[in-house]
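What follows draws every value from the coordinates through simple rules; no lab data is involved. Quick caveat, the model's predicted, so the values are computed rather than measured. A quick note on method: Cβ atoms are made from the backbone with ideal geometry, for glycine too, and the neighbour counts reach across all protein chains shown.
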Amino acid sequence: MYQFDISAGSKTELYRDLLSALDGLTAGEPDPVANMANAAALIREYLPDLNWAGFYRNVADELVLGPFQGKAACIRIPFGSGVCGAAAVSRETQRVEDVHAFPGHIACDAASASELVVPIVADGRLLGVLDLDSPSPARFDAEDQAGCEALMTLLAPRLLSPLP
Ligand code: SME
């Protein structure tokens, strides 16, 4: 059993503790699915006000659903489609305050109102994206973006082992 000491204080402290927990969970573990699964569980448990948290993987230049927590979701997203596809093509985080105003947004869960998608890059390769959905409009601010980008910077090199 894992136990984490995650601060209920400021957002800065929350992301600092999440980074430390993710480091402890994934250090020395080469299996990318296990690492994505634990990252999704950690994020969903400790980041408030989310209805979906998980990964899409870059499989031959198409985003394919990976480990996640939330409702069953769209399996394949072409590069360039939706918020995830925009993050994959631009390799830049997409922070969307109102998903209904985002051209081409793909609705996997009708509850989603805002979204944060962080590209995951290691060795110059796009490995996939982290996708967070919230039922609250404008749920994610610049500090959430920076915090989640730091989480993915830590995780990226730990997702490099090929699947068997
Ligand atoms: N809304 C995303 C699709 C994935 S689901 O939110 C889980 C998008 O527009 O890319």
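Quick notes on this structure:
- Point-to-point label distance, A142-D123, nm (Cα→Cβ direction, 7 Å offset): 3.5 nm
- Gained length - D109 relative to R91, 0.36 nm times residue gap less alpha-carbon distance: 4.1 nm
- Amide H contacts of L127 (H built 1.01 Å from N, under 5 Å, at least 5 apart or other chain): I120, V121, A122
- Residues whose placed amide H lies under 5 Å from that of L63, excluding near-sequence neighbours: I77, F79
- Volume per residue of the C-alpha convex hull in the chain, rounded to whole Å³: 109 Å³
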